[in-house]
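Here the structure is laid out as structure tokens; the discussion comes afterwards.
All of the numbers you see were taken from the coordinates with simple rules; none came from a lab. Keep in mind that what you see is a predicted model, and the values were worked out from it rather than measured. Note that each Cβ is placed from the backbone with ideal geometry, even for glycine, and that neighbours are counted across all protein chains shown.
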Amino acid sequence: MSAITLYGDSESGNCLKTRWAAEHTGQDFDWVEIDSVGGETRTEAFLAINPAGQVPVMRLADGRVLAQSNAILLYLAEGSDLIPSDGFERAQMMQWLFFEQYSHEPYIAVRRAQRRFFNIAEDDLDPDLLAKGRRALGVMEMKLLTCPFLLGDQMSCADIALVAYTRVAHEGGFDLGEFPAVSGWVRRVETALGLEHAG
Ligand SMILES: N[C@@H](CCC(=O)N[C@@H](CS)C(=O)NCC(=O)O)C(=O)O
């Protein structure tokens, strides 16, 4: 048994962030596959691990448990070059992590989930999801026109968090062709993480 156990759904960007961080930083971990769409996050056994009923969750060998993808990502990246040593740059990384959870994931990941996993018809989707998701991609585009990664020349946790759902945004009906700098960045981050292109 590894010192780290990650409970996650391989179809979920939130969960994949944590797996990529552990792989990129060369840490051993066990992956426990949880079918979040099929209801496995709501079983009594799972709720005993995370009362919030969500993946990802990380459990350490001493029994400590951590939820929330970006908190797990930061824990796994501790001491690596995914976290800048400069205080202001670290705060900029956090800025992107909060942006991801408040202004990106609730639109891009949710629209993708509604289309891909819940088969909701296009006409029944909330139009706000497309508009607000496109706005988030526009914010990223402006930044990525000026530098290869969100903080500059070095990949950080911000790129891992934001690439998770951006690379599959087409499954949510978003056209990344409208955002060429974002498209180039997706390929760059995928290469740095050793991932096949999702497009
Ligand atoms: N803010 C949380 C969101 C986690 C989340 O939405 N998890 C989904 C899968 S992506 C889930 O477990 N859904 C199952 C459920 O709510 O029962 C994070 O970043 O970890």
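For Asp128 and Cys147, compute 0.36 nm times the residue count separating them, minus their Cα-Cα distance, and round to one decimal in nm. Display every interim value, and only then the final one.
Working: separation 19, 0.36 × 19 = 6.84 nm, distance 2.92 nm.
Here the segment from Asp128 to Cys147 would lengthen by 3.9 nm.
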Next item on the list: Out of all DSSP beta bridges with both ends in the chain, state the antiparallel percent to the nearest 5.
Entry: 65
Checklist line | Average Cα contact separation per residue, segment 87-193, under 8 Å, 6 or more apart, as relative contact order % | finding: 34
Checklist line | Amide hydrogen neighbours beyond the local backbone of Ala198, cut-off 5 Å, H modeled | finding: none
Next item on the list: Taking the Cα centre of the chain as origin, work out the dipole magnitude from +1 charges on Lys and Arg Cβ and -1 charges on Asp and Glu Cβ, in debye rounded to 20.
Entry: 300
Margin query: At a 10 angstrom cut-off on C-beta neighbours, averaged per residue, how do the peptides 24-34, 172-182 rank from highest to lowest?
Written below: 172-182, 24-34
Checklist line | Ser80/Val37 FRET efficiency (R0 30 Å; Cβ-Cβ; nearest 0.05) | finding: 0.45
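Output the relative contact order of segment 4-77, whole-number percent, from Cα pairs under 8 angstrom with separation of 6+ residues. Mind showing how you got there, number by number?
Working: 116 pairs, mean separation 28.6, N = 74.
Worked out over segment 4-77, it gives 39 percent.
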Next item on the list: Enter the Cα centre distance for the pair segment 6-26 and segment 126-199, rounded to the nearest angstrom.
Entry: 17
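Given R₀ = 22 Å, FRET efficiency for Phe98-Thr25 by Cβ-Cβ distance, to 0.05? Mind dumping the intermediate values first?
Values: r = 22 Å, r/R0 = 1.01.
Here the calculated transfer efficiency is 0.50.
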Next item on the list: Would you mind working out the magnitude of the charge dipole of segment 107-161 relative to its Cα centre, with +1 at each Lys and Arg C-beta and -1 at each Asp and Glu C-beta, to the nearest 20 Debye?
Entry: 40
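What do you get for trypsin sites (Lys or Arg not before Pro) in segment 1-86 restricted to DSSP loop and a cutoff of at most 13 other Cβ within 10 Å of the site's Cβ?
Numbers: sites: Lys17, Arg19, Arg42, Arg59, Arg64; in loops: Arg64.
Within segment 1-86, the qualifying trypsin sites (Lys or Arg not before Pro) (loop, at most 13 other Cβ atoms within 10 Å) are Arg64.
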Item checked: Debye, to nearest 20: dipole size of segment 81-199, +1 on Lys, Arg Cβ, -1 on Asp, Glu Cβ -> 0
Margin query: Using the Karplus curve 6.51 cos²θ - 1.76 cosθ + 1.60 with θ = phi - 60°, what ³J(HN,Hα) values do you get for each residue of segment 22-29, in whole Hz, with x for Gly and Pro?
Written below: 5, 5, 4, 8, x, 9, 6, 7
